[in-house]
Structures are given as C-alpha cells and as structure tokens.
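**Student:** Following this message is one structure expressed as structure tokens.
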Amino acid sequence: MPAARKLTFSSKLSRSDPHESPVLIVGQVKHLNQLKFSDVKLKLEPRVTEEVFKNAIASLQPSPTDSCSLYLNLATVAALPVKCSRHNTPSRSHTLTRLVQSYVVGVNESIVIVCEKKDVYASGCAVARAFPTYSRKTTISNSNNNVTIEFIVIPNQESNDDSLDVTPEDLRVLDAAAYGIRLAAFIVDAPCNEMNVDHFVQEVEKVGNELNIKPTIIRGEELREKGFGGIYGVGKAATCPPALAVLSHTPPGARNTVAWVGKGIVYDTGGLSIKGKTSMPGMKRDCGGAAGILGAFYAAVKSNFSQNLHAVFCLAENSVGPDATRPDDIHTLYSGRTVEINNTDAEGRLVLSDGVVYAKRDLNANIIVDMATLTGAQGIATGKYHAAVLTNNGDWEDTTMTAGKLSGDLVFPVPYCPELHVTEFSSAIADMKNSVADRGNAQPSCAGLFIASHLGFDYPGVWLHVDMAAPAYYGERATGYGVALLTTLFGSFCELPLLKSIGPNLDDSMTENCAKKIKMN
C-alpha cells in the first residue's frame, strides 16, 4: 500500500524554492489582490519575480475558476469562484478541494490558502478531503510526499475581528479535523473484505485508545438477548456478527448530553430484497454515517469538547444467507415496537432506530443526531452536495444549515410532518412496516421519520437526522462528510477558539431546557 501523504498545517510561510518544493497559492480574487509580493516571496524566490507575480494576479478572470502558472508547473496561483449563492459555503470549499487535486504534483509541496479567518477551518478541511489515504495500487509512492498547508489571513472589512493569526491552538484543531476526515474517508473507501464489522470495531477501539476511552461493545447474540432486534436482524446472516459500539466522553461539569448515532452498514447487498448488479457496486460506502461520526468524535474530543458526548455506531453487514431476514418477518426493535419487514433493503433505519433509543434510554441524551447514507432519494431531493436534514426543532434546522455553510459540509432541510407521512408505514399485523407504501411521497422525510417514531414524537429533547447518502462520496472516492459539519455545529461546546468562534450559538433555549425536560421525564 503506497504511503499516504502527510499533511502539516502551519500558521506562517516557510522558505522554499518551488523548483524543489512546488507551491499552489489559492484564494478568492478579492483576497489575492490584497497580497503583496513580500507576503509570498518566501515561497517563490528565486524562480518568480515580483513583476511576474503581479501580472499573474492581474490576469485572473475566474468564471468560475482560473489559474496562472508562475514557474513551469511548479508554482501556480489559482482563483476560487467569485459568485457564491445563499445555499453555498462562502469558503468555496468544494472548488478548493478540486483545485488542490488538480495542481498537486505528488512531491514535497506547499499549499498557501489566502482567506479570511472565518474560512480557515472550512478551507483546511477542504484540503484534507483532497488527500484520501486508502489505496491498493501496487505502484511505488514517492517517499518525499509531505504537504504543508499554510495560511495568509486577510482582514474582513465588514468585521471588527482583528485576529489575523492562526494560533498553535488553531493548528491543533485543523490537525484533528484533517485526521478525522481522512479516517472517515479511509473507512468508506475500504472494501468490505478489509472493512467488515470486525475491522470497524477495531477502528473504534483505535480511536478509543488514542483518546483514553474504553468503548462499550455489544455483539452478536448479546444484541438479540438485550432486545436490539433492528441491528441483530439486519446483520445476523453475515459471517461477522453485528455490533453496537459506543465511545463516551464525559468531562466534569457537563450540562448537556449529546449522542451522535451512525449507520454503519459495512456492505449492503439489499439482503433477500437483493440489489441489481449495477446498483450494488459502491455499497461499501453504506457505513459513511458511522465513519463520519468516528472522525468527528476524534476531532471534537481533541478540541476539548466540554459536554458529554457519545458516539454510537450501529454496525452490520446486510448479507444474504440461510439466516437472513425474510420479507414478512417481524422484528421487535429496542423501542419495543414491532416492525413487519416488507423490504430488507430498507435496513439502515432499523439499525438507527435501535441506536437512537439506546441514546435516549441508556445514555439519557438530550441532543440526538443520527447520520446515515440512508436513501438514494436524498440525492434527488437535495443533490450531490447538500445532505438532507430533518429535525423536530426548527431552531436546530436553521442552525444546522448555518453550520453547513460555515464548515463546507452543506445541508438543506426536508419536510418534517409526521402526521402526514407516518401512515406510509402502516401494517395490518405489526406496529409498522419498514418501507413506505408510496415511494413517490417524500422518501428522505419518511425514512427519517421511521427512526423518530421509535424515539417517540413526544421526545422532549432535540432530534436531528442527517441523510448524507450522496455527499458521502464524489466520483469514486469518499469525502469524509460529516466531520466538519458536526464539529462546527457543536463548535460552541469546544474549548479551542477556532471552533468556538465559528460554531453557532447553542443557547439555553436550544440545549439545557431540553435536558431539564428529559430529567423530569
């Protein structure tokens, strides 16, 4: 396996010759125009003169992007798009990732990002996405493959924020987020023969060891005995038994209990409702929600998360075999509700239903976020770049959209209307079926509401569902989606300034009031 590039974030530019260490300078034109040659000459001399640099900047006409070579293909300046709609991220992170992928040359090199302080985190995460770590190519990798990401922070003329420094604490946050994103992408890119339930549990244990946290793991027949009929029913036909794995961070003085619940279907054949030969390839990615939560948990704890935080991984392989769940089978989930199976390929909602009820009942969480590659319909409803968000709380819907734009992991809401949609799961002989009667009726909403119905529509806490089936990958590579979103959404719960400064304000009305109601119940 070729060595993965090492990413190093730096607050200051180091001296290097582009002939030996190629450099990409990238930013919006309005920011690049504020640069002086003296700001970047450490990266360009003696190969690039001030005149060449100024002429290159003046020549940039992004529509949507543009670039200019300063020295062979070893020194380049590139411009991000000028236009940014209200549903896009101001950091232009998706374009930044692609520019980095286009202009890196595979040897020791530097990427200089020119941006405002508020976009430092999203930009750093965007670069991390450009360097996935999983590969089984047999070609020999260049051993000198380090990438240094350096920042030039431009003042925001409309803000009073005078902080232009990227501090050592900021670098800690960026390092942790980059590690989390690349870990999540690695898990999603790895095929099931290398990332089955056993392997995923090992990844959970590795993160636990790094953070000095011992995971709680319930596996196989113990799941059945303890009533986890969703996880057990989905995974019982596979060679590797299913598992519920939990990492818990419980700092002193916490007032809130947050649970992130991830769908970790390491491979989805569809079960006996088997997928076709063209729709099954790529189903190694069905663990994207759990992978993103694992990476986000690592990054959040490393960023001094101040509240109770639990990462709940619902792990199973939806396989075909003599023990596979049959259509018409009835399972009793951890909620106690019975589910008539009418489609074994609607399995993610079954494992997540067990996970969120565990978060409520056993962890006493007042804020529950489940994240999953749940429906193909998500990509139709909100597209390749925006995950679908469904929640019982309108303030959290708005806040999650804000966090998506700040982080680069975009989201867009779908209708929350259980009184109109839950009837899609009506069953004559059980509490409900697991798949909708009408596939043309708000599928992403209905799938999420199935999970909420087991949590209970009277749940007094915050429930937030993120369906990120399409944003979990781009082309044939995983994106590590979810790490930047969750760490930004809960940034105000982190003690390190970079996340705390961009995280939306989670005031008492959005958090502690819910915690009080749960304690009363």
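The values are calculated or read from the model by the stated rules, or taken from the named source; none is laboratory data. Predicted model, so just to flag it, every value in this text is computed and none were measured. Here the Cβ positions follow ideal geometry from the backbone for every residue, glycine too, while neighbour counts run over all protein chains shown. Side chains are part of the model used for accessible areas, which takes the heavy atoms of the whole protein and leaves out ligands, DNA and RNA. Shrake-Rupley method; radii C 1.70, N 1.55, O 1.52, S 1.80 Å.
**Student:** In this structure, does Thr479 turn out to be farther than 23 Å from Asn364 by Cβ, of a type in the set (Val, Ile, Thr) and open to solvent by 20 Å² or more (accessible area, probe 1.4 Å)? Show your work before the answer.
**Tutor:** On the way: farther than 23 Å from Asn364 by Cβ: yes; of a type in the set (Val, Ile, Thr): yes; open to solvent by 20 Å² or more (accessible area, probe 1.4 Å): yes.
Yes; evaluated as a whole, the condition is true for this residue.
**Student:** Can you pull out every residue in the stretch 71-104 that is touching a strand residue (DSSP E or B) at 6+ places or on another chain (Cβ under 9 Å), aliphatic (A, V, I, L, M) and open to solvent by 20 Å² or more (accessible area, probe 1.4 Å)?
**Tutor:** Listed by number, the residues that qualify are Leu74, Val82, Val104.
**Student:** Same structure again: List every residue pair whose Cβ atoms sit under 7 Å apart, with the two residues 6 or more apart in sequence or on different chains, where the first one lies in the stretch 415-429 and is within 22 Å of His331 (Cα to Cα) and the second, anywhere, is among the charged types (D, E, K, R) and exposed (fewer than 14 other Cβ atoms within 10 Å of the Cβ).
**Tutor:** Glu424/Asp438
**Student:** So in the stretch 295-336, with the set limited to residues that are among the polar types (S, T, N, Q), out of contact with any Leu (no Cβ under 9 Å at 6 or more places or on another chain) and in a strand (DSSP E or B), which one is surrounded by the fewest Cβ atoms within 10 Å (Cβ to Cβ)?
**Tutor:** Thr332
**Student:** Can you name the residue in the stretch 6-46 that is open to solvent by 70 Å² or more (accessible area, probe 1.4 Å) and under 20 Å from Asn146 (Cβ atoms) and, of all such residues, is nearest to the chain's Cα centre (by Cα)?
**Tutor:** Only one residue tops the list, namely Lys6.
**Student:** Are there any pairs, at least 6 apart or on different chains, whose C-beta atoms fall under 8 Å, with the first in the stretch 212-223 and within 14 Å of Phe200 (Cα to Cα) and the second open to solvent by less than 70 Å² (accessible area, probe 1.4 Å) and of a type in the set (Phe, Trp, Tyr), and if so, which?
**Tutor:** Once the first residue is within 14 Å of Phe200 (Cα to Cα) and sits in the stretch 212-223, its partners that are open to solvent by less than 70 Å² (accessible area, probe 1.4 Å) and of a type in the set (Phe, Trp, Tyr) give Ile218/Phe228.
**Student:** Filter the stretch 196-222 for residues that are open to solvent by less than 20 Å² (accessible area, probe 1.4 Å) and assigned to a helix (DSSP H, G or I); which is nearest to Gly233 (Cα to Cα)?
**Tutor:** Only one residue fits best here, namely Val197.
**Student:** When the stretch 459-482 is examined, which residues are found to be within 20 Å of Cys125 (Cα to Cα) and among the small types (Gly, Ala, Ser)?
**Tutor:** Ala469, Ala470, Ala472, Gly475, Ala478, Gly480, Gly482 - these are the residues of the stretch 459-482 that are within 20 Å of Cys125 (Cα to Cα) and among the small types (Gly, Ala, Ser).
**Student:** For the subset of the stretch 351-393 comprising residues that are within 15 Å of Ala452 (Cα to Cα), of a type outside the set (A, V, I, L, M) and not in a loop (DSSP other than H, G, I, E, B), which member is most open to solvent (accessible area, probe 1.4 Å)?
**Tutor:** Here the answer is Arg361.
**Student:** Still on this structure: Any idea how many residues of the stretch 412-428 are in a loop (DSSP other than H, G, I, E, B) and either open to solvent by less than 40 Å² (accessible area, probe 1.4 Å) or touching an Asp or Glu at 6+ places or on another chain (Cβ under 6 Å) (or both)?
**Tutor:** Pass one, the stretch 412-428, residues in a loop (DSSP other than H, G, I, E, B): 414-417, 426-428.
Those left that are additionally either open to solvent by less than 40 Å² (accessible area, probe 1.4 Å) or touching an Asp or Glu at 6+ places or on another chain (Cβ under 6 Å) (or both): 414, 417, 427.
Adding up the residues that qualify gives 3.
**Student:** For the stretch 430-444, indicate whether the set of residues that are in a helix (DSSP H, G or I), closer than 13 Å to Thr375 by Cβ and of a type outside the set (Lys, Arg) is non-empty. Steps first, please.
**Tutor:** Our first condition is that a residue be in a helix (DSSP H, G or I); within the stretch 430-444, this holds for 443-444.
Still in the running and closer than 13 Å to Thr375 by Cβ: 443-444.
Filter once more, so that each one left must be of a type outside the set (Lys, Arg): 443-444.
Checking the stretch 430-444: at least one residue is in a helix (DSSP H, G or I), closer than 13 Å to Thr375 by Cβ and of a type outside the set (Lys, Arg).
**Student:** Checking Gly253 against (1) out of contact with any helix residue (DSSP H, G or I) (no Cβ under 8 Å at 6 or more places or on another chain); (2) in a helix (DSSP H, G or I); (3) of a type outside the set (D, E, K, R), only one condition comes out false. Which one?
**Tutor:** Going through the list (1) out of contact with any helix residue (DSSP H, G or I) (no Cβ under 8 Å at 6 or more places or on another chain); (2) in a helix (DSSP H, G or I); (3) of a type outside the set (D, E, K, R), Gly253 breaks only (2).
**Student:** Can you pull out every residue in the stretch 137-174 that is modelled with pLDDT under 95, out of contact with any Lys or Arg (no Cβ under 9 Å at 6 or more places or on another chain) and either open to solvent by less than 70 Å² (accessible area, probe 1.4 Å) or not hydroxyl-bearing (Ser, Thr, Tyr) (or both)?
**Tutor:** Lys137, Ile140, Asn142, Asn144, Gln157, Glu158, Asn160, Asp162
**Student:** Additional query: Just to be sure before I move on: is Val339 part of a helix (DSSP H, G or I) and under 23 Å from Lys226 (Cα atoms) in the structure I sent?
**Tutor:** No, not satisfied.
**Student:** Quick one: which residue in Asn88, Asn33 is closer than 30 Å to Ile181 by Cα and in contact (Cβ under 8 Å) with a residue 24 or more places away in the chain?
**Tutor:** Only one candidate passes the filter, namely Asn88.
**Student:** Test of understanding: among Pro460, Pro504, which residue is outside any helix (DSSP H, G or I), surrounded by fewer than 22 Cβ atoms within 10 Å (Cβ to Cβ) and in contact with a Cys (Cβ under 8 Å, 6 or more places away or on another chain)?
**Tutor:** After applying the criteria, what remains is Pro460.
**Student:** Starting from the stretch 366-389, take each residue that is free of Cβ contacts under 8 Å to residues at least 60 places away in the same chain and list its partners that are surrounded by 21 or more Cβ atoms within 10 Å (Cβ to Cβ), counting only C-beta distances under 9 angstrom and pairs at least six apart or across chains.
**Tutor:** Ile380/Gln443; Ile380/Pro444; Ile380/Ala470
**Student:** Conditions: (1) open to solvent by less than 20 Å² (accessible area, probe 1.4 Å); (2) in contact with a strand residue (DSSP E or B) (Cβ under 8 Å, 6 or more places away or on another chain). Ser435 meets all but one. Number of the miss?
**Tutor:** (2)
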